[in-house]
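What follows is a set of notes on a single structure, which appears directly below.
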Amino acid sequence: MRLIYPILPLVFTLVLTSPKNLFAQAQKQSSDETKPYIKSDNQPEPQFKPEQNRVKNSTETQDWDANLKPKKLPKSTNFFVYGASIGSPAGANLMLGYYFNDFVFRGSGMRWDSEWWGGQADLGYSFFKTPMITHSISLVLGTFGANPYAPQGGGGGRGGQRYYPSGLDVPGYDRNPISFEDALIRSYVSSIDSDLNLLLTYESRPNQTVYLTQRYFGLTYDVLVGNFFLQFGGGAGQGDFKNPVLLLQMGYLFDTRENKE
């Protein structure tokens, strides 16, 4: 019996590892793999779901395509502009314009009172434009008037004029500042009647009102950068100012441009 007990484990191992038993185990495992999958109620669902993953990837692709698209830019034509500017024709102006295709229609001006006013109409052509900048050349037609009180000549007059009328239509007293000829005339009148000379000098004093007007036609270069507007050029016309007349405006304009692709 003592010899049998040590031999039993060895015999049992040989029986289990025999070729017949190994073939039976392999055949059973193969049959288990070919059985159809039957979901049980207590079995948890798999974490990976191909359908949901495909939807997620599609959404991410759409977001990526949207980021690759160029940003919307403002329109480069067919929009209104409105705002304010300083410069000609009235010193401080309100402005309204319309950019239509390659043409520009614009008006500016202001009437502060009956003695200080001005207006200007522009017809322009845009030779270069992008959504952010527009260059154009304009033909302008304008007029302005001023009625300053107590103008001081100082040898320079007003409006580019050397002399301006004094309000008294008497030779020697009809303009300011007085010239050498005027001084001779006044000296002669004073030698005859000093009281008359004092009266005429008082009536022709420099605090007389002078009304200055100008009508002009000119050519300007205009640029609209974003909302900043600049215009400069020259003109000529009839009035109390010397020709040529400098035309200059700068200001800030709002617009009605809408973004587009």
Take region 88-97 and flag every residue that is at pLDDT below 95 and either in a strand (DSSP E or B) or closer than 17 Å to ILE133 by Cα (or both). GLY91, ALA92
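Listed here are the residues, each with its yes/no results for (1) at pLDDT 90 or above; (2) touching a helix residue (DSSP H, G or I) at 6+ places or on another chain (Cβ under 6 Å).
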site: GLY119; (1), (2): yes, no
site: PHE128; (1), (2): yes, no
site: HIS135; (1), (2): yes, no
site: SER138; (1), (2): yes, no
site: GLY142; (1), (2): yes, no
site: GLY153; (1), (2): no, no
site: LEU168; (1), (2): no, yes
site: LEU184; (1), (2): yes, no
site: SER191; (1), (2): yes, no
Taking region 218-234 as the search range and keeping residues that are of a type in the set (Val, Ile, Thr) and either under 16 Å from the mean Cα position of the chain (by Cα) or over 18 Å from PHE144 (Cα atoms) (or both), which one is surrounded by the most Cβ atoms within 10 Å (Cβ to Cβ)? VAL223
Pair list, Cβ < 8 Å and 6+ apart or interchain, from region 103-122 residues that are among the aromatic types (Phe, Trp, Tyr) to residues that are assigned to a loop (DSSP other than H, G, I, E, B) and open to solvent by less than 20 Å² (accessible area, probe 1.4 Å): TRP112/ALA90; TRP116/ALA90; TRP117/ALA90
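Condition check ((1) aliphatic (A, V, I, L, M); (2) surrounded by 17 or more Cβ atoms within 10 Å (Cβ to Cβ); (3) at pLDDT 90 or above) across all residues:
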position: TYR216; (1), (2), (3): no, yes, yes
position: ALA236; (1), (2), (3): yes, no, yes
position: MET250; (1), (2), (3): yes, no, yes
position: GLU258; (1), (2), (3): no, no, no
Name the pairs: first residue in region 190-205 and at negative phi, second residue among the polar types (S, T, N, Q) and exposed (fewer than 11 other Cβ atoms within 10 Å of the Cβ), Cβ to Cβ under 9 Å, at least 6 apart or on different chains? ASN197/SER191
When every residue in region 67-87 that is modelled with pLDDT of 90 or more and either open to solvent by 70 Å² or more (accessible area, probe 1.4 Å) or in a loop (DSSP other than H, G, I, E, B) (or both) is compared, the one farthest from PHE254 (Cα to Cα) is ILE86
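The values are calculated or read from the model by the stated rules, or taken from the named source; none is laboratory data. If you're wondering where the values come from, they're calculated on a predicted model, not measured in any experiment. Note: ideal-geometry Cβ built from the backbone for every residue, glycine included; neighbour counts use all protein chains shown. Only protein heavy atoms, including side chains, enter the accessible area calculation; ligands, DNA and RNA are left aside. Shrake-Rupley method; radii C 1.70, N 1.55, O 1.52, S 1.80 Å.
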